[in-house]
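Visitor: Quick one: the structure is below, questions incoming.
Taken together, the values in this text are just the output of simple stated rules run on the coordinates, not laboratory data. Keep in mind that what you see is a predicted model, and the values were worked out from it rather than measured. No Cβ is skipped: glycine too gets one built from the backbone with ideal geometry, and neighbour counts run over all protein chains shown.
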There are 2 protein chains.
Amino acid sequence: MSDTVSKALLPAGLRDFLPPDAALEAHVVSGLMADFGAHGYERVKPPLIEFEENLLDGAGAATSKDTFRVMDPVSQRMMGLRADMTIQVARIATTRLAKAPRPLRLCYSGQVLRVKGTQLTPERQFTQAGLELIGSDSPAADAEVIALAAGALAALGVQGVSVDLNLPTLVPVLCDELELSPETQLRLRAALDQKDAAAVREMGDPVQDLFGELIRCSGEVDTVMERLGRLDLPQAAAQRRDRLKDVVALVRRLMPGLSLTVDAVENRGFEYHTGISFSIFAPGARGELARGGRYRAGTAKEKAVGCTVYVDTVMGVIAPPADRPRLLLPYGDRAQAAAWQSKGWITVAMLEDGIADPEAEARRQRCTHYVSNGQVRTVG
Amino acid sequence: MSDTVSKALLPAGLRDFLPPDAALEAHVVSGLMADFGAHGYERVKPPLIEFEENLLDGAGAATSKDTFRVMDPVSQRMMGLRADMTIQVARIATTRLAKAPRPLRLCYSGQVLRVKGTQLTPERQFTQAGLELIGSDSPAADAEVIALAAGALAALGVQGVSVDLNLPTLVPVLCDELELSPETQLRLRAALDQKDAAAVREMGDPVQDLFGELIRCSGEVDTVMERLGRLDLPQAAAQRRDRLKDVVALVRRLMPGLSLTVDAVENRGFEYHTGISFSIFAPGARGELARGGRYRAGTAKEKAVGCTVYVDTVMGVIAPPADRPRLLLPYGDRAQAAAWQSKGWITVAMLEDGIADPEAEARRQRCTHYVSNGQVRTVG
């Protein structure tokens, strides 16, 4: 359907989803929820607004500047309009569902808002969906969440799903074990973020050997895991590498064909993630389709792993469900409606009697079929 | 699952939907959307916030005191957090979809917020769903919307669905035709609202005859239509009665078993509705399940009829979908997962190896089935 009026009707970064986009979005969300649900993830739904201090607690602090505030006239306290749902789901898991058996599997979907868009993503309202697996530290939990998210996206028709695995705690742990000074750590971090191998070499021992190798640990999973395996890592760093190896093996078993890459020095999300983190990509997508990893949930700091799916981005890389045939039914004749609907057809009732040319009327109403002399015919 | 922490965590009137409520809500919404969609209603999704003046335009003005406001840092203009979606859908229909062929059938669902709850309904966030049929004045349009909303609720398992039909324009039209003074009209309206037949009789001619009869036109549809039919109404009022008769006949054809009542002097919603309006009830519900009627859409004042479904109220009167069997799968053994899931089962993976008593573990994880020696067994 055409867009006849200026979008200036709506504030910047906000938009109406028209047909067929709104239905496609619902299709993505219900597909994800059905897939997660089939694996034991139960749906929760936190409110759109809640007290600012709960919403922006702990890891939520990162969303503070993105969050609209409104005064609650009842309590006279400030409330925030959520910019992210994961903090809310962690709150539910660790408070209201504190006594539910572990591991606790939850999934969710809803709208989030942010105060301002960016140049790259001007949108200010997004559909977020996700799953959280709370109360297990097992590598099998990491693997389950990764494989489930990637599998659900593939099931929705996303072509060429790939997962990039990161170890955001590896570099800090190594820095500690090597007793690098804060200044050296800052220089090193900058060099690693820019993948600047020359700068790393210039830093001399003990940085140049280990990090010079680590910076090359980026790319196809088997190559990287072999390279990582050859490194002589101190104990804490070696444990993290071994865990990554375990998770990779488990993901492989769950999804043998999945394209996997590793970037051992990737740092994003470090403030939040406490172990393996990951991003899910597909060719042609505007950005990541999903992002997740290990974290600690709630004030109780429960071990958890989760994944957020960016539904709007997913919508950009899947084909909409095939158009269903639309049958224009004669005025007052609904006898056939249910039978056609049960075969997946859409039926559209004529609301006026005596329309002379039902085929022309069907075409006008974007129907693919109409009834003539009791027979269903295709619009020519 | 149990509620272990005080609800004081959330502002008054806001709540977390826990399992199984969040899934039940999604089930209601997807059922409604699927049903409306099968009848040609296409989904739209307006944003949660938009400029105050658009949101509170025309019929939206009624929601003004319920609407949270936030400043838009981009435009420096005030935005409102919607308290109702029908105004937004009418805006979409009459602006962005102004050139889409008529009749235009749209459906929608989303969250709405209001600043304060009431004693009766303390909630401040609701799930709204609905359908709008825009650009037709035919009685068949009224009947379609009524039958579709009632039918979708019945299909969701609501028992004893009944529709109360109202004619909010009848009394004002009669007052005009009888040239009653504003004072008399006010007294009459108060008497009718209280169904006070004695007060109506005391008002003498010409009020007492006509309105004394009209006030009795409330109840089972056949009785009321017969009574209305016997009234000697002036032309404009008679036209409205005849239209009601047409709509009743058409609804009967679409849903022969539907329980119908009529209240000819019911006044609620008059400010908004321009023709027949209706409310849908069911025994045991906290209030109306749905409400709708004729109105004029957008600044273009297009003829329209629509219906809003109160999803939270519907949830109170339907049985949740039957629990699906939950199968606890042994560690690392996912081979069977897809096969069981395709039969509608939920599979839950063990995340640790070497659990000695899989039946006890299945019970602990609220599973109904587990695997022992390669066989699926029921938890005893």
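Visitor: Top mean-square fluctuation among A:Phe36, A:Phe17, A:Phe51, Gaussian network model of chain A, C-alpha springs under 10 Å?
Guide: A:Phe17
Visitor: Picking from A:Phe51, B:Met33, B:His273, whose Cα lies most toward the positive end of the charge dipole for the protein assembly as shown (charges on Cβ: Lys, Arg +1; Asp, Glu -1)?
Guide: The Cα lying farthest towards the positive end belongs to B:Met33.
Visitor: Where the Cα atoms of chain A are projected onto their three principal axes, how long is each span, largest first, in whole Å?
Guide: 90, 54, 46
Visitor: Using a ≥ b ≥ c from the Cα gyration tensor of segment A:191-256 (square roots of the eigenvalues), is it rounded, prolate or oblate, where a/c under 1.5 gives rounded and otherwise the larger of a/b and b/c decides, a/b for prolate?
Guide: Prolate, since a/c reaches 1.5 and a/b exceeds b/c.
Visitor: Further question: Give the residue from A:Ala282, B:Leu10, A:Gln194 lying farthest towards the positive end of the charge dipole for the protein assembly as shown; charges sit on Cβ (+1 for Lys and Arg, -1 for Asp and Glu) and the dipole is referred to the Cα centre.
Guide: Sorting the options by dipole projection puts first A:Ala282.
Visitor: Still on this model: Quick check for me: using +1 on Lys/Arg Cβ and -1 on Asp/Glu Cβ, what's the dipole size of the protein assembly as shown about its Cα centre, in debye to the nearest 20?
Guide: 480
Visitor: What are the label-to-label distances in nm, one decimal and shortest first, from B:Asp196 to the same spot in the other copies, with labels 7 Å along Cα to Cβ?
Guide: From this label point to the equivalent ones elsewhere in the assembly: 8.5 nm.
Visitor: Provide an ascending nm list, one decimal, of label-point separations from B:Pro101 to the equivalent residue in each further copy; define each label point as 7 Å from Cα along Cα→Cβ.
Guide: Copy-to-copy label distances for B:Pro101: 5.6 nm.
Visitor: I'd like the FRET efficiency for A:Asp196 and B:Ser342, computed as 1/(1 + (r/R0)^6) with the beta carbon distance as r and R0 of 56 Å, rounded to 0.05.
Guide: Using R0 = 56 Å, I get an efficiency of 0.65.
Visitor: Then there's this: Nearest 500 deg cm²/dmol is fine: what mean residue ellipticity at 222 nm does chain B get from its DSSP H runs of n ≥ 4 alone, each adding -39,500 (n - 2.57), divided by its residue count?
Guide: Value at 222 nm, helices only: -9500 deg cm²/dmol.
Visitor: Check the straight Cα-Cα distances from B:Lys245 and name the lysines below 28 Å, setting aside those fewer than 8 residues away within the same chain.
Guide: Result set, ordered by chain and number: B:Lys195, B:Lys301, B:Lys303.
Visitor: Another question, if that's okay. Rounded to whole Hz and in sequence order, give me ³J(HN,Hα) for segment B:190-197 from the Karplus expression 6.51 cos²θ - 1.76 cosθ + 1.60, θ = phi - 60°, writing x for Gly and Pro.
Guide: 5, 5, 5, 4, 8, 6, 9, 4
Visitor: Can I ask one more? So what J values fall out for segment A:282-288 if you push phi through Karplus, 6.51 cos²θ - 1.76 cosθ + 1.60 with θ = phi - 60°, rounded to Hz, Gly and Pro as x?
Guide: 8, x, x, 6, 5, x, 4
Visitor: Once you sort the root eigenvalues of the Cα gyration tensor of segment B:36-123 as a ≥ b ≥ c, which label holds: rounded (a/c under 1.5), prolate (a/b larger than b/c) or oblate (the other case)?
Guide: Here segment B:36-123 falls in the oblate category.
Visitor: So who's got an amide H within less than 5 Å of the one on B:Lys303, skipping anything under 5 residues away but keeping other chains? H placed 1.01 Å off N, in plane.
Guide: Residues meeting the amide H criterion: B:Gly135, B:Ala297.
Visitor: Under the definition of Cα pairs under 8 Å and six or more residues apart, what whole-number percent is the relative contact order of chain B?
Guide: 17
Visitor: Now for a separate question. Taking square-rooted eigenvalues a ≥ b ≥ c of the alpha carbon gyration tensor, is segment A:145-282 rounded, prolate or oblate, where a/c under 1.5 means rounded and, failing that, a/b exceeding b/c means prolate?
Guide: Taking the square roots of the gyration eigenvalues as a ≥ b ≥ c, segment A:145-282 is prolate.
Visitor: Would you please report the Å³ per residue occupied by the convex hull of the alpha carbon atoms in segment B:318-380?
Guide: Hull volume normalised by residue count: 93 Å³.
Visitor: Can you compute the FRET efficiency between B:Ser181 and B:Lys245 using 1/(1 + (r/R0)^6), with r the Cβ-Cβ distance and R0 = 30 Å? Round to the nearest 0.05.
Guide: For B:Ser181 and B:Lys245, the calculated efficiency is 0.45.
Visitor: How far is A:Val376 from the same spot in each other copy, in nm, shortest first, if each label point sits 7 Å from Cα toward Cβ?
Guide: Distances to the matching label points in the other copies: 3.4 nm.
Visitor: Can you tell me what share of the DSSP beta bridges in segment A:7-315 is antiparallel? A percent to the nearest 5 is fine.
Guide: The answer is about 85 percent antiparallel.
Visitor: Can you work out the base-10 log of I(q)/I(0) for the protein assembly as shown at q = 0.09 1/Å, using the Debye formula on its C-alpha atoms alone?
Guide: Evaluating at q = 0.09 Å⁻¹ gives log10 I(q)/I(0) of -0.92.
Visitor: Using unit Cβ charges (K, R positive; D, E negative) and no other charged atoms, how large, in debye to the nearest 20, is the dipole of segment B:169-257 about its Cα centre?
Guide: 440
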